[in-house]
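Engineer: Can you read through this structure? Questions will come right after.
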Amino acid sequence: MRLLHDFEYAELSSLDQAAELLGRVGRQAMPIAGGTDLMPSMRQGLFAPKVVVSLKAIDELRDVAWDERNGLSIGALATLRSLETDPGIRRRFPVVAQAASTVASPTIRRTATVGGNLSLDTRCYYYNQYDDWRSCTTPCLKMGGEFCKASPGGKARKCFAAFSADLAPVLVALDASITLLSVRGERTLALRDFYTGDGARPNGKEDGEIITRVTVPKEKAAYRGVYLKHRLRGSIDYPTAAVALTLRPTPDPAVFEDVRLVISAVVTQPLVVKGVAELLDGKPLTEALIDEAASLAKKAAIPVANTEGERRHRKQLVFEFTRKAFADILEGAVK
């Protein structure tokens with residue numbers, strides 16, 4: 001196994017200390033929480049920070065709290081296992097617990113954090129290799145080259161590295177917001193707007209910023225939801241296709257409002273499928289309408305040959321997952 005490069009490790013006990021150090025060192029510093037993705041990436045030579053700033057001693061980032069006015073607040077250091085097992089989340093937002101339970105293995109979920117999952121790097125065959133492998137070929141766009149080597153013809157000037165974090169599609173569907181802190185102050189934005197759609201720079205986190213928490217509006221606790229994904233190995237691999245569905249029930253069990261369908265792993269960001277709400281809101285969920293919504297999702301999926309699975313199969317998975325998600329809702333299999 002490849003040894004890590006030399007770096008300074010700083011474990012700080014307060015957010016202010018961490019923000020100050022990250023702001024002072026700039027791009028040569030990176031925060032670490034669970035480290036389940038960052039450490040393997042450093043071993044591959046994808047990142048080589050001079051300073052690694054540990055956040056694990058900052059207890060205020062671990063809380064998971066429900067507030068009748070503000071909704072659900074999840075600290076960035078909350079583990080995926082805590083989301084999976086938290087009674088309040090399982091009662092009010094079972095789709096969040098479901099999505100958390102699909103990540104990697106139980107061992108990893110006990111260490112991996114919410115902030116780490118939300119800022120997970122995009123993935124690609126040409127990028128996620130050791131640097132000695134990458135040195136044998138011209139660099140891809142994500143590594144400073146001119147073109148995305150995975151794109152059709154290998155000449156696109158947009159990076160198509162795939163988004164693969166499991167929590168983000170569900171939280172985007174639930175209209176969650178994300179809060180970030182730096183020496184410049186605190187800012188909060190819609191999680192949907194945090195993701196750029198550029199595989200080479202997948203999120204809008206600025207230099208020196210720390211994700212502190214994610215918030216889900218209180219009214220979303222009344223929604224139903226489901227998350228479905230495909231991966232080759234059930235406890236190891238990242239998704240190759242994924243769908244998150246949330247909707248608000250009405251007195252009619254076949255009619256829903258505020259339908260939100262988000263696809264992932266076949267695009268460069270968690271993508272809200274356009275036209276689904278207009279198609280389905282306030283109408284009985286007939287098989288024909290569900291098929292039409294699934295077709296919209298399939299059309300929005302643009303997988304390229306940069307991860308496991310044949311492209312046409314991954315697009316078809318999005319179609320089938322969309323149909324199954326609606327079927328699960330109608331059958332009452334999920335809240």
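The values are calculated or read from the model by the stated rules, or taken from the named source; none is laboratory data. Fair warning: this is a prediction, and the values are worked out from it, not measured in the lab. Glycine gets a Cβ as well: all are built from the backbone with ideal geometry, and neighbour counts include every protein chain shown. Areas reflect the complete protein model, heavy atoms only, side chains present, ligands, DNA and RNA absent. Shrake-Rupley method; radii C 1.70, N 1.55, O 1.52, S 1.80 Å.
Engineer: Of the heavy-atom accessible surface of region 190-335 (probe 1.4 angstrom), what whole percent is carbon and sulfur?
Structural biologist: 52 percent
Engineer: What's the magnitude of the charge dipole for region 89-231 around its Cα centre, counting Lys and Arg as +1 and Asp and Glu as -1 at the beta-carbon? Answer in Debye, nearest 20.
Structural biologist: The dipole of region 89-231 has a size of about 580 debye.
Engineer: For the pair Val183 and Ser13, how long in nm is the line joining their label points, each one 7 Å along Cα→Cβ?
Structural biologist: Once both label points are built, they end up 2.2 nm from each other.
Engineer: In bins 10 Å wide, starting from 0, what share of all Cα pairs of region 26-77 does each bin hold, as a percent?
Structural biologist: 22, 38, 25, 13, 2
Engineer: To continue, here is another question. Would you kindly state how much longer the chain becomes between Ala57 and Asp131 on full extension, computed as 0.36 nm times their sequence separation minus their alpha carbon distance, in nm to one decimal?
Structural biologist: That pair, Ala57 and Asp131, stretches by 23.4 nm at full extension.
Engineer: Report the charge-dipole magnitude of the chain in Debye, nearest 20, computed about the Cα centre from +1 at each Lys and Arg Cβ and -1 at each Asp and Glu Cβ.
Structural biologist: Result for the chain is approximately 800 debye, rounded to the nearest 20.
Engineer: Explain nothing, just the number: relative contact order of region 223-312, from Cα pairs under 8 Å at least 6 residues apart, as a whole percent.
Structural biologist: After rounding, I find 22 percent.
Engineer: Which length gain, in nm to one decimal place, applies between Leu4 and Arg110 when the Cα-Cα distance is subtracted from 0.36 nm times their residue separation?
Structural biologist: That pair, Leu4 and Arg110, stretches by 35.8 nm at full extension.
Engineer: Using only the alpha carbon atoms of region 176-335, find the Kirkwood hydrodynamic radius as the inverse mean reciprocal pair distance, in angstroms to one decimal.
Structural biologist: 17.0 Å
Engineer: Something else now. Report the one residue of Val64, Val52, Gln17 whose Cα lies farthest in the direction of the positive end of the charge dipole of region 12-82 (charges on C-beta: Lys and Arg +1, Asp and Glu -1; origin at the Cα centre).
Structural biologist: Val52
Engineer: Over region 192-335, with the other protein chains present, what is the accessible area per residue in square angstrom, probe 1.4 angstrom?
Structural biologist: Here the per-residue accessible area is 43 Å².
Engineer: In percent, how large is the relative contact order of the chain, given Cα pairs closer than 8 Å and 6 or more residues apart?
Structural biologist: With pairs under 8 Å counted, the relative contact order is 16 percent.
Engineer: Here's another thing I want to ask about it. Please work out the Cα convex hull volume for region 244-335 and give it in Å³ per residue.
Structural biologist: Residue-normalised Cα hull volume stands at 89 Å³.
Engineer: Can you tell me how much longer the chain between Glu331 and Ala222 gets when fully stretched, taken as 0.36 nm per residue apart minus their C-alpha distance, in nm with one decimal?
Structural biologist: Separation in residues times 0.36 nm, less the Cα-Cα distance, equals 37.5 nm.
Engineer: If contacts are Cα pairs under 8 angstrom and at least 6 residues apart, what is the relative contact order of region 259-335 in percent?
Structural biologist: 28 percent
Engineer: State which entries of Lys56/Lys218; Lys158/Lys229; Lys149/Lys315; Lys155/Lys220; Lys142/Lys299 exceed 32 angstrom in Cα-Cα distance in the structure shown.
Structural biologist: Cα-Cα > 32 Å for Lys155/Lys220; rest within.
Engineer: While we're on this one: Return the ratio Rg/(2.2 N^0.38 Å) for the chain, where Rg is computed over Cα atoms only.
Structural biologist: Normalised Rg, Cα atoms only: 0.99.
Engineer: Let me ask something else about it. Taking a probe of 1.4 angstrom, what is the accessible area of Lys155 in Å², to the nearest 10?
Structural biologist: Estimated to the nearest 10 Å², Lys155 gives 130 Å².
Engineer: Something else about it: Using protein chains only and a probe of 1.4 angstrom, how many square angstrom of Glu68 are accessible, to the nearest 10?
Structural biologist: Ignoring ligands and nucleic acids, Glu68 comes out at about 130 Å².
Engineer: Another question, then. For region 143-262, take the convex hull of the Cα atoms, compute a quarter of its surface area, and give me that in nm², please.
Structural biologist: 10.5 nm²
Engineer: Shifting gears a bit: For region 258-273, what does the Karplus curve 6.51 cos²θ - 1.76 cosθ + 1.60, with θ = phi - 60°, yield as ³J(HN,Hα) per residue in whole Hz, taken in order and with x for Gly and Pro?
Structural biologist: Once rounded to whole Hz, the list reads 6, 6, 10, 10, 10, 10, 8, 6, 10, 9, 8, 7, x, 10, 6, 6.
Engineer: I would also like to ask the following. Region 1-131: percent of C-alpha pairs farther apart than 25 Å?
Structural biologist: Result: 33 percent of Cα pairs exceed 25 Å.
Engineer: Same structure again: Among Gly88, Ile32, Leu3, whose Cα projects farthest towards the positive end of the dipole of the chain, with charges put on the beta-carbon of Lys, Arg (+1) and Asp, Glu (-1)?
Structural biologist: Leu3
Engineer: Work out the length of the dipole vector of region 190-335 about its Cα centre, built from +1 on the beta-carbon of each Lys and Arg and -1 on the beta-carbon of each Asp and Glu, and round it to the nearest 20 debye.
Structural biologist: Roughly 300 debye for region 190-335.
Engineer: Counting Lys and Arg as +1 and Asp and Glu as -1, what is the net charge of the other residues whose Cβ lies under 10 Å from the Cβ of Leu245?
Structural biologist: Summing Lys/Arg as +1 and Asp/Glu as -1 gives +2.
Engineer: Would you please give the FRET efficiency between Ile302 and Asn70, computed as 1/(1 + (r/R0)^6) with r the Cβ-Cβ distance and R0 = 35 Å, to the nearest 0.05?
Structural biologist: 0.45
Engineer: Of Tyr223, Val304, Pro249, which is farthest on the positive side of the dipole of region 211-307, counting Cα position, with +1 on Lys and Arg Cβ, -1 on Asp and Glu Cβ, and the Cα centre as origin?
Structural biologist: Val304
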